[in-house]
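The values are calculated or read from the model by the stated rules, or taken from the named source; none is laboratory data. Everything numeric in this text was worked out from a predicted model, so none of it was measured. Please note: Cβ atoms are built from the backbone with ideal geometry, for glycine as well, and neighbour counts cover all protein chains shown. Protein only, heavy atoms only, side chains kept; ligands, DNA and RNA dropped before computing areas. Shrake-Rupley method; radii C 1.70, N 1.55, O 1.52, S 1.80 Å.
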Amino acid sequence: PIIHTILGPFLGMDANKVSLSGAVKNINSIRFSHGLDFVPKGAMITKSPTQDSLFSYWREFLVDRGVKIKLNYGVDEVELNNRGDILGVSVNGEKMHADQYIFGCSLKPINKLFSQMNTVTFNNMRHMEKDLQLYFTVNLYFNKEVLGERCEQMIIVDMPWKPIIQRKTQWSKKIMDRCNSEIKEVWNVGFLEYNPGVKNPKILRDCSLKEAVEEGIFQVKNSEFIKTEFKKIGMDFNDIFEDLEYWHEFRDQDGKVISENPKFSINVGTMKHMPKVKPADIPSNMYLCGYYVESYMGGVSMEASCQTGLDAARTMLETNNIPYDGPLPFRNDYEKTNLITPFINLDKHLYKNGNPHLGTYVNTFALLVSYLAFIILIPIIILVILIVVIIKKYSIKV
């Protein structure tokens with residue numbers, strides 16, 4: 001329940017399909033990021049916009065070394081030869097050629113560019129488009145403090161869209177300095193995609209933009225927890241609610257809300273479709289990187305995506321026998337214990353045969369405690385038997 005109710009929505013997964021392994025990999029992708037070779041020890045996020053603090057410097061560095069950078073253009077076409085190797089790409093009508101090609105673009109564009117290739121890898125990547133989800137959020141503005149500094153983030157579990165409210169204390173000055181002086185508190189609220197609503201019994205992606213906003217606010221207002229919080233200050237939601245706004249990339253298409261930038265999620269059954277940076281059935285001079293590519297870190301995060309980029313570059317160098325002694329991403333191999341292997345194998349058997357997990361039949365905590373007690377007692381029993389045998393054999397008086 002805690003995975004479905006909290007970790008699923010918090011990590012941007014489909015709460016009805018999130019797996020424990022998916023959640024663990026997502027958590028580890030954040031937890032291990034500080035140890036990566038490409039993250040300097042003690043590094044902090046800069047205060048400046050990403051464009052100014054990161055990209056501008058890298059652009060200058062690369063351009064000085066002869067790299068050509070095309071901004072605000074997409075790749076129109078990829079030209080392949082008879083062997084299936086990439087001969088060149090067309091960018092805004094201009095043909096460009098290289099020896100090696102690393103593709104770091106999003107899932108839909110790369111699937112469109114290679115729609116003619118009917119290989120396992122590309123078919124798997126097309127299959128993964130179902131894991132591109134909406135993560136719809138709105139900002140709510142109030143003229144009085146409600147949650148104040150008591151709230152960093154919370155998930156409202158008594159409503160089907162599980163509103164995720166973030167009101168982080170570090171936002172306060174930055175947000176308030178940009179707001180009308182009457183605004184005293186701002187909530188960023190996100191919603192799940194695949195649960196039917198209350199006022200409107202549609203799932204999020206079947207709603208229009210207007211319906212999504214109305215249903216989201218309705219669920220926030222009618223949550224028993226939120227009602228209690230407003231009672232504490234002697235106010236009603238409508239008394240202090242000023243306005244709302246949503247991200248410009250959400251829009252209507254054929255009467256349904258869509259996003260220009262959907263979020264990729266690792267749900268049940270997704271991991272087996274994620275390609276490595278260099279699968280055998282893609283063009284020989286092509287490498288993959290990005291959020292949908294298998295990473296050593298696991299999960300979907302900016303750090304994991306960066307790691308796939310470095311791994312693609314390293315693989316390219318190794319494939320072409322080019323020496324390199326710079327920093328490389330280290331591999332996070334998750335340590336596995338054989339202690340609970342019987343239960344893991346039993347759960348796998350149940351899953352493959354369409355049956356619910358082990359926890360539906362027995363209390364897993366009690367089972368684990370009993371199992372641990374059992375395997376601890378076995379050595380003790382064996383030791384006692386050995387002592388008794390030795391005592392009897394040598395007629396030792398005790």
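Key figures
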read-out	value
Among residues of the stretch 228-256, those that are over 16 Å from Ile217 (Cα atoms) and touching a residue at least 60 places away in the same chain (Cβ under 8 Å), counted	3
Any hit, the stretch 99-115, residues being among the aliphatic types (A, V, I, L, M), at pLDDT 90 or above and out of contact with any strand residue (DSSP E or B) (no Cβ under 7 Å at 6 or more places or on another chain)	no
Condition met for Tyr351 (open to solvent by 90 Å² or more (accessible area, probe 1.4 Å), within 21 Å of Lys25 (Cβ to Cβ) and either in contact (Cβ under 8 Å) with a residue 60 or more places away in the chain or of a type in the set (Ser, Thr, Tyr) (or both))	yes
Tally of residues being farther than 18 Å from Ile344 by Cβ, open to solvent by 100 Å² or more (accessible area, probe 1.4 Å), assigned to a helix (DSSP H, G or I) and not aliphatic (A, V, I, L, M) across the stretch 355-398	2
Which listed residue, of Tyr141, Tyr135, Tyr101, is touching a residue at least 40 places away in the same chain (Cβ under 8 Å) and open to solvent by 70 Å² or more (accessible area, probe 1.4 Å)	Tyr135
Residues that are open to solvent by less than 30 Å² (accessible area, probe 1.4 Å), within 20 Å of the chain's Cα centre (by Cα) and under 30 Å from Arg83 (Cβ atoms), drawn from the stretch 112-132	Met125, Met128
Single residue of the stretch 71-86 satisfying the filter (touching a residue at least 24 places away in the same chain (Cβ under 8 Å) and in a loop (DSSP other than H, G, I, E, B)) that is most open to solvent (accessible area, probe 1.4 Å)	Arg83
